[in-house]
Amino acid sequence: MKDLSPSDLKAILHSKRANLYYLEYCRVMQKDGRVLYLTEALSNKSKENHYFNIPIANTTVLLLGNGTSITQAAVRMLAQAGVLIGFSGGGGTPLYMANDTEQPIEWFTPQSEYRPTEYLQGWMKFWFEDEKRLNAAKQFQQARIEFLHKVWAKDRDLKVEGFTMSDAGIETALGRFNDRMATATKSSDLLLTEAQLTKALYKFAANTTKTAGFTRQHQSTDLANDFLNHGNYLAYGLAATTLWVLGIPHGFAVMHGKTRRGALIFDIADLIKDAIVLPWAFVCAKENATEQEFRQQILQAFTDHKALDFMFEQVKLVALQHHGNKQNETEGEPL
């Protein structure tokens, strides 16, 4: 069999890639020019090895959970294909490597001398000015609400579960959010009103799925909280990919705080969390789904609603609004 290298594979823009993997109790390795993961299964009291291919040219993020290892050769191929790697606990949370808080702040990112510079230059043109940075945060919040409207109006499965924008409580919460966002004069004001909106969405989701006594706890206490944590970390992976591809460091946040090294990841992940992760976490918890079933549902929803595409569009829009010369997406995503 002929060995393949990442350069032999058909290039796929990161914003068009479909796969995000979480693996546990396996060994990731390179074999015959491919990246595989090896699992052991007991059959007739003997161990059998099973190999599964990872299509690295169409993958954005690889999360390695409990009981995993990875070879240096596999890391090299993943890096050449532009795949981000993170080591995590069970269920994809918390992210351990390189992490110095309880939240994800960094990922193992592929090294390249040819990352784009224009998006970072555009980001820096506004980031040091408080008013412009606040306006960028407002743009992201507006885009977040627009995406929420779009997904809940389009997704038939969510409609069947009762997730629509016609609820009076949701309309009131969104109206209050828009009013307070328009008058916000600092990022802390935005964080406060954003937290109030999210609380209203949690309440709506809990009532819709008849989840009694729900309280959001990041130290998970029930299935809904488990799934919220898990889904959020998957969204963080997509956000980290977007920023790495466009060459914007994770520390240049517009809303979550300039002292947190990974805060921009939170800003970008918020674009899709309410629309996709939040409702499916409650629906899957109601159905007592397994962790794998929930993950498959979330990843399929990310693909169906082009979540990664949306992240790229919004970050590029904000980055280049104060920058004259604009690149197209192909130039912005060198492979």
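The values are calculated or read from the model by the stated rules, or taken from the named source; none is laboratory data. No experiment lies behind these values; they were computed from the predicted model shown. So basically every Cβ, Gly included, is an ideal-geometry build from the backbone, and we count neighbours across all protein chains shown.
Any idea which residue in the stretch 182-210 is nearest to ALA275 (Cα to Cα), counting only those that are over 24 Å from the mean Cα position of the chain (by Cα) and either modelled with pLDDT under 90 or not in a loop (DSSP other than H, G, I, E, B) (or both)?
Ranking the candidates gives THR208 first.
Pairs only if they're at least six apart or on different chains, beta carbon under 6 angstrom, first in the stretch 159-171 and in contact (Cβ under 8 Å) with a residue 60 or more places away in the chain, second surrounded by 12 or more Cβ atoms within 10 Å (Cβ to Cβ); list them, first residue then second.
Filtered contacts from the stretch 159-171: GLU161/VAL283; PHE163/TRP152; PHE163/PRO279.
Pick out, from the stretch 111-165, the helices (runs of 4 or more DSSP H) lying fully within it that include 3 or more residues that are modelled with pLDDT of 95 or more.
130-154
Looking at GLY257 and the list (1) over 16 Å from the mean Cα position of the chain (by Cα); (2) closer than 23 Å to TYR202 by Cα; (3) not aliphatic (A, V, I, L, M), which single condition is not satisfied?
(2)
Could you identify the single residue in ILE298, ILE272, ILE276 that is in contact (Cβ under 8 Å) with a residue 60 or more places away in the chain, crowded, with 24+ Cβ neighbours inside 10 Å and in contact with a Gly (Cβ under 9 Å, 6 or more places away or on another chain)?
Step by step, each of ILE298, ILE272, ILE276 is checked, and only ILE276 is in contact (Cβ under 8 Å) with a residue 60 or more places away in the chain, crowded, with 24+ Cβ neighbours inside 10 Å and in contact with a Gly (Cβ under 9 Å, 6 or more places away or on another chain).
Output yes when any residue across the stretch 148-165 is out of contact with any helix residue (DSSP H, G or I) (no Cβ under 9 Å at 6 or more places or on another chain), among the polar types (S, T, N, Q) and assigned by TED's automatic domain parsing to the domain that holds GLN300, and no when none is.
No: the stretch 148-165 contains no residue that is out of contact with any helix residue (DSSP H, G or I) (no Cβ under 9 Å at 6 or more places or on another chain), among the polar types (S, T, N, Q) and assigned by TED's automatic domain parsing to the domain that holds GLN300.
Mind listing whichever residues of the stretch 188-204 are of a type outside the set (Lys, Arg) and either surrounded by fewer than 18 Cβ atoms within 10 Å (Cβ to Cβ) or touching a Gly at 6+ places or on another chain (Cβ under 9 Å) (or both)?
Selection gives SER188, ASP189, LEU191, LEU192, ALA195, GLN196, THR198, ALA200, PHE204.
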